[in-house]
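The values are calculated or read from the model by the stated rules, or taken from the named source; none is laboratory data. Just so we're clear, the structure is a prediction, and the values are computed from it rather than from any experiment. When we count neighbours, we look across all protein chains shown, and the Cβ atoms used for this are built from the backbone with ideal geometry, even at glycine.
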Amino acid sequence: MKTIKFHKTECGVDFLLNVLSFEEIGEDYFTDETFNTDFFEIMFFKSGSGSIILNQQKIPIKKNTLVFISPFQKRKWNLDKNDLDCTMLAFQEDFLNDFFADKLFTFKLLYFYQLEFPLIMEIDNNQFEKYCEQLNEIKLELLATRADSVHIIRSLLYYLLQKINRQYADKNNLSIENSANNYAFDFKRLLEIHIKEKQRINDYTDILQISRITLNKAVKEKFNVTATELLKQRLLFEIKNLLIHSNKSIQGIAYELNFSEPNHLMRFFKQQTQKTTTEFLSNYQNGIIS
């Protein structure tokens with residue numbers, strides 16, 4: 001599978017960020033072949049029709065929509081390229097880590113690494129234009145870098161990402177209130193790192209050195225699901241990912257994900273989806289995505 005890697009902007013300073021118009025992105029990006037990238041993307045569709053398969057979900061593309069894509073997230077486009085006008089905000093996590101002291105910043109942006117709620121947000125024309133104006137300001141700083149550009153880009157980006165986060169939270173009834181700890185976001189980060197070998201809540205409470213009750217309260221407050229539900233969502237996503245994009249057998253997938261035997265994996269999958277792994281894969285291959 002093809003992985004598109006981030007290329008630094010040619011603006012006199014090594015920024016791990018770029019703002020690209022449809023012409024700069026190129027039609028080849030919107031391929032109907034499955035691929036991924038090694039950077040975060042927010043796609044701003046001023047106009048468009050068609051869909052994207054992302055997180056094993058078929059998501060419609062419409063006018064004034066934002067699509068949120070995390071690094072190495074597999075996607076497949078099906079768009080009418082004659083009716084397409086969009087802008088991409090692309091950046092690597094290291095860019096944010098260099099700019100912001102909070103190493104959990106990307107995990108606090110509710111639209112990234114999201115399994116429960118949509119990876120797309122439709123907004124009104126007025127708000128969309130405001131976001132585009134901010135993207136244009138960032139682009140101008142990238143094209144004509146000055147001594148203080150890094151500070152201006154930092155402030156514009158922070159404002160933009162947080163405004164989108166607030167709007168996303170409001171649309172999906174999620175909390176953005178500050179809490180006394182970062183346990184929920186730490187848990188989400190750890191799931192991305194350890195899901196293949198750690199599938200018990202106690203594995204994560206041991207790492208975080210907190211009780212199960214404390215973790216569950218923090219996750220429920222931030223994501224409206226229990227810690228166990230979030231773990232199961234992430235594990236199910238990993239199984240589906242391997243079923244679709246690898247040539248591994250059920251036995252091989254069970255071994256990779258540390259199930260003691262394939263039957264345990266198949267039982268877990270059926271409980272979560274009401275489908276067998278064979279039914280799911282057959283449906284997916286026939287364009288039935290749910």
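Given the structure, is GLN272 polar (S, T, N, Q), within 30 Å of ASP170 (Cα to Cα), without any contact (Cβ under 8 Å) to a residue 60 or more places away in the chain and in a helix (DSSP H, G or I)?
Details: polar (S, T, N, Q): yes; within 30 Å of ASP170 (Cα to Cα): yes; without any contact (Cβ under 8 Å) to a residue 60 or more places away in the chain: yes; in a helix (DSSP H, G or I): yes.
When the stated conditions are applied, GLN272 passes them.
If we scan region 20-33, do we find a residue that is surrounded by fewer than 21 Cβ atoms within 10 Å (Cβ to Cβ) and aliphatic (A, V, I, L, M)?
Within region 20-33, one or more residues are surrounded by fewer than 21 Cβ atoms within 10 Å (Cβ to Cβ) and aliphatic (A, V, I, L, M).
Have a look at ILE53, ILE120, ILE61, ILE42 and point out the one that is farther than 24 Å from GLU177 by Cα, under 16 Å from the mean Cα position of the chain (by Cα) and aliphatic (A, V, I, L, M).
Values: ILE120 fails: farther than 24 Å from GLU177 by Cα; ILE61 fails: under 16 Å from the mean Cα position of the chain (by Cα); ILE42 fails: farther than 24 Å from GLU177 by Cα.
The unique qualifying residue is ILE53.
I'm told GLU177 meets every condition in (1) outside the structural domain of LEU119 (by TED's automatic domain parsing); (2) in a helix (DSSP H, G or I); (3) surrounded by fewer than 17 Cβ atoms within 10 Å (Cβ to Cβ); (4) of a type outside the set (Lys, Arg) except one. Can you identify the failing condition by its number?
(2)
So VAL225 fits all but one of (1) at pLDDT 95 or above; (2) more than 30 Å from GLU33 (Cα to Cα); what number is the exception?
The failed condition is (1).
Just name the residue that is farthest from the chain's Cα centre (by Cα) out of those in region 78-91 that are part of a strand (DSSP E or B) and either touching a residue at least 60 places away in the same chain (Cβ under 8 Å) or surrounded by fewer than 19 Cβ atoms within 10 Å (Cβ to Cβ) (or both). Walk me through how you get there before you give the answer.
Within region 78-91, the first condition is being part of a strand (DSSP E or B), and the residues that meet it are 78-79, 85-91.
So of that shortlist, the ones also either touching a residue at least 60 places away in the same chain (Cβ under 8 Å) or surrounded by fewer than 19 Cβ atoms within 10 Å (Cβ to Cβ) (or both) come out as 78, 85-91.
Numbers: ASN78: 19, ASP85: 22, CYS86: 18, THR87: 17, MET88: 14, LEU89: 13, ALA90: 12, PHE91: 13 Å.
Restricting to residues being part of a strand (DSSP E or B) and either touching a residue at least 60 places away in the same chain (Cβ under 8 Å) or surrounded by fewer than 19 Cβ atoms within 10 Å (Cβ to Cβ) (or both), the top hit is ASP85.
Exactly one of these conditions fails for MET43: (1) surrounded by fewer than 19 Cβ atoms within 10 Å (Cβ to Cβ); (2) without any contact (Cβ under 8 Å) to a residue 60 or more places away in the chain; (3) in contact with a Cys (Cβ under 9 Å, 6 or more places away or on another chain). Give me its number.
For MET43, the exception is condition (1).
Here is a list: ASN283, ASN263. Which entry is loosely packed, with under 14 Cβ neighbours inside 10 Å, over 26 Å from the mean Cα position of the chain (by Cα) and not in a loop (DSSP other than H, G, I, E, B)? Write out each step before concluding.
Values: ASN283 fails: over 26 Å from the mean Cα position of the chain (by Cα).
It is ASN263.
Considering only residues that are touching a helix residue (DSSP H, G or I) at 6+ places or on another chain (Cβ under 8 Å) and modelled with pLDDT of 90 or more, look in region 13-34 and name the one that is nearest to ASN97 (Cα to Cα).
Going residue by residue through region 13-34, those that are touching a helix residue (DSSP H, G or I) at 6+ places or on another chain (Cβ under 8 Å) are 13, 15-19, 27, 30, 34.
From what is left, the residues that are modelled with pLDDT of 90 or more are 17-19, 30, 34.
On the way: LEU17: 12, ASN18: 16, VAL19: 19, PHE30: 29, THR34: 29 Å.
Residue satisfying both the conditions and the ranking: LEU17.
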